[in-house]
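Just below is one structure, and these are the notes that go with it.
The values are calculated or read from the model by the stated rules, or taken from the named source; none is laboratory data. Note that the coordinates shown come from a computational prediction; the quantities given were computed from them, not determined experimentally. Here the Cβ positions follow ideal geometry from the backbone for every residue, glycine too, while neighbour counts run over all protein chains shown. Ligands, DNA and RNA are stripped out before the accessible areas are found, and what is left, the full protein with its side chains, is counted by its heavy atoms. Shrake-Rupley method; radii C 1.70, N 1.55, O 1.52, S 1.80 Å.
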Amino acid sequence: MGQCPSAPRRRKLPPAPPSPALLAPPEVFASIAEAAGDDHTADLPEELLSLVFGLLGSGDRKRCSLVCRRWLAVEAASRLRLALNAKAPLLADSALPRLLARFPAVSKLALKCDRRAESVGDPALALVADRLGPGLRRLKLRSLRAVTDDGVASLAAATANLRKLSVCSCVFGAKGIEAVLNSCLQLEELSVKRLRGLADSEPITVSGPRLHSLSLKELYNGQCFSCLIVQSPKLKRLKIIRCSGNWDLVLQDVPRDSLLAELHLEKLQVSDRGVAALSGLEVLYLAKAPEVTDIGLAALAAKSPRLRKLHVDGWKANRIGDLGLAAVAEKCSSLQELVLVGVNLTSSSLELIAANCPTLERLALCGSDTFGDAEITCVAAKCSALRKLCIKACPVSDAGMNKLAEGCPRLVKVKVKKCRWVTSECAEHLRASRNGALAVNFDTPGGAGDLQDGRSMDESGVLDNAGSDVLHEDLDDRIGPDLSTGSSGSGRPSRWKAMIGALMSRILSVSIFGRQPCGACYTSHES
């Protein structure tokens, strides 16, 4: 009585019989050891071995280079991408010349430095120009605050075959960009982000004859690139994101016969005048531009009949709604992807889109207060070509979502996020309706904080393949310490993180006031 019942004894398993391989005669082991000692790759030519290395990832290539001296030499001679931690000791310790001599075939180079550290300067760019100049095709410079216009000009003079340049958080100005455009006549892609030396710069008067893509992000006095935008006859992709100043005049000066097909505008001072002046677009990302209304979107749609991707983040301003979307439905019959964030639309515009856009395959609605059961019923009944559907933070319920089980015969994927009145039983019903052929991604709805995050989310992350036409800029082959930080620190903490933090503080206070011994102390530093 009063004692816990004893745990049942576990029966010991009988020892496993020895493996048949261990019973083999010693002659077999000797032959295996002799065969293992032979290098079966010795007969492979170095060209074929370099092709094999080219199919491996960054980590596998680094491990293969440690196998033997031959593999080390072949891997170094065939490496095309290289990312270096461009802190000042890289040049002071003479590490940069040795690295550039080890990898002579590099055509894609990234020099990245931490924002709080001292970076390499113009001598490092001179070494790059001397060792890799003619063969360099892609170059990325990030947080190189010691690099000047003269250093960029000397590097550009030696890299005449450069095709892509990405600059982020540097301090040189428009003269360095002009030197690149004058020397690198084959430059096709230019990305400029947080370039600090543009405050008092004059307009860049050099045009890029072969420039296909231009990306401007977080620039002060970004209008100095206006002549480059207007006078680049082959420009097809333009991104202007979070740049100060009025951009209506720049967009109005774009020639009507321009080849511009993809335009990204985010957090800009742009109105209907600038948007209405554009024509011939195929992809439009319009995010957080509250001065753009239905009038500007309708005028743009009338001049862009080949529009196939439209992403609009209305920022809950209620300036774009049924009128603008109805104009898009009437003029843009080739529409394939429609992403609406913070846009209040109803079934009246959805019916026109479904009737006039028979190729619509991807639809995403986020943070729309008017997209309810009637609208999802319209989508299920009339969007027969729809393949992917994403609904986030919208007032839909099980009654409307169940209509998808009968409509949209080509539907293969559904995402439902933060919709309070959609239950897991509805998600299971949708999965069972197509015999497992329909992938349903469903999560439990969160609180008010989650709803706000859903309404302000970036439109590029709503669909899996949204923005897939954009080339990635990051290079994965890194030499030296990793430059990535633990957290960006730009977003608000989510609700579950706050709950965990409160719980941990409560546990800590209980342990302190209860005078319990503490075995270890953990301190977290958020970078």
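Values as computed for the structure displayed
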{"read-out": "Sequence ranges 66-72, 114-120, 265-271, ranked by mean other-Cβ count within 10 angstrom, highest first", "value": "265-271, 114-120, 66-72"}
{"read-out": "Computed FRET value (nearest 0.05) for Lys413 with Ala199, which takes r as the C-beta separation and R₀ as 56 Å", "value": "0.75"}
{"read-out": "Histogram of C-alpha separations across the stretch 338-405, 10 Å bin width, %", "value": "22, 63, 15"}
{"read-out": "Virtual paramagnetic centre 7 Å along Cα→Cβ of Arg115, amide N under 20 Å, in the stretch 133-159", "value": "140-147"}
{"read-out": "Within the stretch 83-120: backbone nitrogen closer than 11 Å to the Leu55 label point (7 Å, Cα to C-beta)", "value": "none"}
{"read-out": "Sites Ala157 and Leu66, calculated FRET efficiency, Cβ-Cβ separation with R0 51 Å, nearest 0.05", "value": "0.85"}
{"read-out": "Of all accessible heavy-atom area on the stretch 53-149, the percent that carbon and sulfur account for (1.4 Å)", "value": "55 percent"}
{"read-out": "Extension gain (nm, one decimal) between Ser433 and Glu218, 0.36 nm per residue minus Cα-Cα", "value": "72.7 nm"}
{"read-out": "Heavy-atom accessible area order for Asp149, Asp43, largest first, 1.4 Å probe", "value": "Asp43, Asp149"}
{"read-out": "Solvent-accessible ranking of Ser169, Ser94, largest area first, probe 1.4 Å", "value": "Ser94, Ser169"}
{"read-out": "Two-site FRET efficiency, Asp43 against Asn441, from Cβ-Cβ distance with R₀ of 56 Å, rounded to 0.05", "value": "0.65"}
{"read-out": "Rg ratio (alpha-carbon, reference 2.2 N^0.38 Å) - the stretch 152-200", "value": "1.07"}
{"read-out": "Residues whose placed amide H lies under 5 Å from that of Lys413, excluding near-sequence neighbours", "value": "Leu389, Ala439"}
{"read-out": "Cross-link reach list, lysines versus Lys331, counting only Cα pairs under 21 Å and skipping chain neighbours closer than eight places", "value": "Lys303, Lys309, Lys382"}
{"read-out": "With every protein chain in place, the stretch 151-276: carbon and sulfur % of accessible area (1.4 Å)", "value": "47 percent"}
{"read-out": "Whole-angstrom Cα spans of the stretch 95-207 along principal axes, big to small", "value": "40, 34, 20"}
{"read-out": "Portion, in percent, of the accessible area of the stretch 316-383 that falls on carbon or sulfur, probe 1.4 Å", "value": "49 percent"}
{"read-out": "All Cα pairs of the stretch 220-263, percent lying beyond 14 Å", "value": "44 percent"}
{"read-out": "Over the stretch 265-353: Kirkwood hydrodynamic radius from C-alpha pairwise inverse distances, Å", "value": "12.5 Å"}
{"read-out": "17 Å Cα-Cα reach of Lys415 towards lysines, excluding residues that sit fewer than 8 places from it in its own chain", "value": "Lys388, Lys392, Lys403"}
{"read-out": "Cα coordinate range in the stretch 300-421, projected on the principal axes (Å, largest first)", "value": "40, 33, 20"}
{"read-out": "Cα-based Kirkwood hydrodynamic radius, the stretch 173-302, one decimal, Å", "value": "14.7 Å"}
{"read-out": "Total formal charge among the other residues, if their Cβ is under 14 angstrom from that of Val230, Lys/Arg +1 and Asp/Glu -1", "value": "-1"}
{"read-out": "Per-selection Kirkwood Rh - the stretch 252-292 (Cα, Å, 1 d.p.)", "value": "10.7 Å"}
{"read-out": "Neighbourhood net charge (10 Å Cβ-Cβ; Lys/Arg +1, Asp/Glu -1) for Leu438", "value": "+3"}
